[in-house]
Each structure stands twice: as structure tokens, then as C-alpha cells.
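**Q** My questions all concern the structure below.
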Amino acid sequence: MKRRDFIIQTSAVTALTLTGFGLSSLGKPNTKRITILHTNDTHSHLDTFPQTDAKFPNQGGAAKRATIFNKIKAENPNTLILDAGDMFQGTPYFNYYGGELEIKIMNMLQYDAGTIGNHEFDNGVNGLAEQIAKADFDIINANYDFTNTLMSGLTKPYNVFIKDGIKIGIFGLGVKLDGLVNKSEYGETVWNHPVEIAQDMTRILKNDLKCDVIICLSHLGYNYGEQSQMVSDLDLAAKTKNIDLIIGGHTHTFLEKPTVVLNAEGKEVIINQVGCYGVRVGQIDFYFDELNNKTTTARVINVK
């Protein structure tokens, strides 16, 4: 597995030049820009941390996140807001409302799509179904088979969003539940291997639906080491093809800049994760020139 870091462009913005393309087109008026804003593992942290908090003083909170989202969407209407799972569990809001408040606030923040984390099962698969039904945004997961549960029909394996004529295909993957979540909580949910599912999803999105960008919303975890049997985002990127961006979650990994991995065809895959508790927002910008060649920039936004 080969990895390389982004090239530092400024103290606030990191930039990647994708193989074969340059950054010279970014300033041209006919360049199309697609912005991806993303969060993960917010864990019911809807309020700003108090000033006295030892780790995140005066950081996070849904209201501050809304301000960031609204500002960036005003600058570029061609923006998608995505979440990589574990919306639930972590504050009394979840204990009292069972996830309803988290979903309603994400509706208000105008998320476009999210995937399912292991903590979404903390009130059981039936409790998850009750809350997911209230989402105005797509719940995307391709490797959980919910056929024999109340979640059946409430998720999509993938969706395609079109912004300024650019087709963005998004699919979702979740972590193996056995050994992590009580059987009584996930019930008859069947976990399918994420690498095999990703190969199916990318074939559909790239070959059949002709997507210009393919994004995986992953709650697999960033990295577990070479000896682990767990499938991580690094593994997924290296063993598949046609994924442009993996937005990760689960391991609460604070990446200062995205990681780039070479996929099964030797092409670059961007992997990003912004920690936990809503104290950071990730921003990835795809720029397309008149020939549909793409370049990418990225930054981490501190929610404060």
C-alpha cells in the first residue's frame, strides 16, 4: 500500500494535483467547482463545548456548524453536505430523544446524505428505523442487508447527485456489527464484505451511470494495522478502483490533511476524516475544466 501526503498550499488550505492534471485551471471562469462538506461521529453533540472543557473549549455545536455550512453554500451553491455515521449516542439528547433530535437538526442543517454507524443501532434496529424515517436526507448504505428488518426500504445503496452538470455518485459502507454491536440490537441485519460491495457499487456508478466523481461514505475506520482482520478505509482504497474520495468515520481520526492511497489500478484515492463530536468540518473541492479534467483542494475547518 502506497500513501503520499497532500502538498501544502497555504496554512489553511491543502491542495492535491491529481495525476496528469495541474492547478492552472482553477482561476478560469469556465471551471466548474463542486464542494463537499463532511462530518463524522458527531455523537449527539448538538451544543458547543463549554469554555472550561479540557479538550474542545468553546468548539463544536450545531449552530456554529450551520453558520459554516450556510456561508460556504452561499459562496458555492454546488455544494453537498455529507456525514459518515455515528450521529447518535454520546450526550443526554440521545438518551432522552432516541436520535429524533439529531435527525431533525441534520434536516435543518440541510444534509444531503449520511451513512449508518454502529451507534445508530444503540436503540435497536427498530429504534433506528423509527428515527431514520424522519430524515429529509438520504441514508446511504450498500453492505447492510436490512431485508428482514423494519429498516427495509429506508436506505439506498447509492445515489447520484447532479451539480452544475457534474454527476456525483455516492455509496455507503458500514463496519462489521458482529462483536461490536449486540445481536439483540442489530437483529436480522446482514453485513456483507465492503470490498466486494464497493466493487459492485463503483461498477454501477462509473460504468453504468457515468458518474464524474465517486464518493464512498465509510464507517469502516481509518486504519487498524496490517495484522488486523478489520477492513479499513486504507484497505478499501488499495483494493478497489474508481473511488475518488472516501469520507471516513468510526475511528475518530483527526487528519490534519487528507491521505492519498494508490488504488488497484495505481490511481489516487483521497481519504479524509475529521475526528469526532462536530468540532471540525472537512471541505473537499473538485474543479473541472472544459475537458472535464479534475483537480482537488481540501481544508479542515475548526468549528469555533
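The values are calculated or read from the model by the stated rules, or taken from the named source; none is laboratory data. The model shown is predicted, which means the values in this text are computed figures rather than measured ones. Note: ideal-geometry Cβ built from the backbone for every residue, glycine included; neighbour counts use all protein chains shown.
**Q** Considering (1) under 18 Å from residue 176 (Cβ atoms); (2) over 16 Å from the mean Cα position of the chain (by Cα), say which one residue 248 fails and leave the rest.
**A** Condition not satisfied by residue 248: (2).
**Q** Kindly establish whether residue 70 is out of contact with any strand residue (DSSP E or B) (no Cβ under 8 Å at 6 or more places or on another chain), on the phi > 0 side of the Ramachandran plot and modelled with pLDDT of 95 or more.
**A** Values: out of contact with any strand residue (DSSP E or B) (no Cβ under 8 Å at 6 or more places or on another chain): yes; on the phi > 0 side of the Ramachandran plot: no; modelled with pLDDT of 95 or more: yes.
So residue 70 does not fit the description; no.
Residue by residue, here is whether (1) of a type outside the set (A, V, I, L, M, F, W, C); (2) under 18 Å from residue 163 (Cβ atoms) holds:
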position: 253; (1), (2): yes, no
position: 256; (1), (2): yes, no
position: 266; (1), (2): yes, no
position: 269; (1), (2): no, no
position: 274; (1), (2): no, no
position: 290; (1), (2): yes, yes
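**Q** Residue 237 passes all but one of (1) of a type outside the set (D, E, K, R); (2) under 19 Å from residue 111 (Cα atoms); (3) assigned to a helix (DSSP H, G or I); which number fails?
**A** The failed condition is (2).
**Q** List, please: which pairs have Cβ atoms under 9 Å, are six or more places apart or on different chains, and start with a residue in segment 124-153 that is farther than 20 Å from residue 104 by Cα and modelled with pLDDT under 95 and end with one that is surrounded by fewer than 18 Cβ atoms within 10 Å (Cβ to Cβ) and of a type in the set (A, V, I, L, M)?
**A** If the second residue must be surrounded by fewer than 18 Cβ atoms within 10 Å (Cβ to Cβ) and of a type in the set (A, V, I, L, M), no pairs are left.
**Q** Kindly check whether there is at least one residue in segment 143-152 that is crowded, with 19+ Cβ neighbours inside 10 Å, closer than 16 Å to residue 218 by Cα and in contact with a Phe, Trp or Tyr (Cβ under 9 Å, 6 or more places away or on another chain). Don't jump to the end; show me each part of the working.
**A** So in segment 143-152, the residues crowded, with 19+ Cβ neighbours inside 10 Å come out as 143-144, 146, 149, 151.
Keeping just the survivors that are closer than 16 Å to residue 218 by Cα gives 143-144.
Now narrow it down to the ones that are in contact with a Phe, Trp or Tyr (Cβ under 9 Å, 6 or more places away or on another chain): 143-144.
Yes, the conditions are met somewhere in segment 143-152.
**Q** Right, here's the next one. Out of segment 7-30, which residues are among the polar types (S, T, N, Q) and either at pLDDT 90 or above or within 25 Å of the chain's Cα centre (by Cα) (or both)? Give the derivation first.
**A** Within segment 7-30, the first condition is being among the polar types (S, T, N, Q), and the residues that meet it are 9-11, 14, 17, 19, 24-25, 30.
Within segment 7-30, 9, 10, 11, 14, 17, 19 qualify.
**Q** Another one. I need the full set of residues from segment 183-210 which are surrounded by 13 or more Cβ atoms within 10 Å (Cβ to Cβ) and part of a loop (DSSP other than H, G, I, E, B), in order please.
**A** Of segment 183-210, the ones surrounded by 13 or more Cβ atoms within 10 Å (Cβ to Cβ) are 185-192, 194-195, 197-206, 209.
Correct list: 187, 188, 189, 192, 209.
**Q** Could you tell me whether residue 71 is more than 27 Å from residue 245 (Cα to Cα), surrounded by fewer than 13 Cβ atoms within 10 Å (Cβ to Cβ) and over 18 Å from the mean Cα position of the chain (by Cα)?
**A** Values: more than 27 Å from residue 245 (Cα to Cα): no; surrounded by fewer than 13 Cβ atoms within 10 Å (Cβ to Cβ): yes; over 18 Å from the mean Cα position of the chain (by Cα): yes.
No.
**Q** Give the number of residues within segment 32-54 that are within 28 Å of residue 245 (Cβ to Cβ) and either touching an Asp or Glu at 6+ places or on another chain (Cβ under 9 Å) or without any contact (Cβ under 8 Å) to a residue 24 or more places away in the chain (or both).
**A** Our first condition is that a residue be within 28 Å of residue 245 (Cβ to Cβ); within segment 32-54, this holds for 32-46.
Within this subset, residues satisfying the condition of being either touching an Asp or Glu at 6+ places or on another chain (Cβ under 9 Å) or without any contact (Cβ under 8 Å) to a residue 24 or more places away in the chain (or both) are 32-36, 38-44, 46.
Number of matching residues: 13.
**Q** Let me ask something else. Name every residue in segment 82-126 that is within 19 Å of residue 145 (Cα to Cα), more than 16 Å from the chain's Cα centre (by Cα) and among the hydrophobic types (A, V, I, L, M, F, W, C), in order of residue number. Walk me through how you get there before you give the answer.
**A** Within segment 82-126, the first condition is being within 19 Å of residue 145 (Cα to Cα), and the residues that meet it are 84-86, 113-126.
From what's left, more than 16 Å from the chain's Cα centre (by Cα): 121-126.
Correct list: 121, 125.
**Q** Scan (1) surrounded by 19 or more Cβ atoms within 10 Å (Cβ to Cβ); (2) touching a helix residue (DSSP H, G or I) at 6+ places or on another chain (Cβ under 9 Å) for the single condition residue 136 breaks and write down its number.
**A** The number of the failed condition is (1).
**Q** Being under 17 Å from residue 35 (Cβ atoms), among the hydrophobic types (A, V, I, L, M, F, W, C), touching a residue at least 40 places away in the same chain (Cβ under 8 Å) and buried (at least 19 other Cβ atoms within 10 Å of the Cβ) narrows it down to one residue among 66, 84; which is it? Outline the logic, then answer.
**A** Details: 66 fails: buried (at least 19 other Cβ atoms within 10 Å of the Cβ).
Unique residue meeting the criteria: 84.
**Q** Take segment 254-291 and flag every residue that is within 13 Å of the chain's Cα centre (by Cα) and of a type in the set (S, T, N, Q).
**A** If the condition is that a residue be within 13 Å of the chain's Cα centre (by Cα) and of a type in the set (S, T, N, Q), then 272, 273, 283 are the ones that fit.
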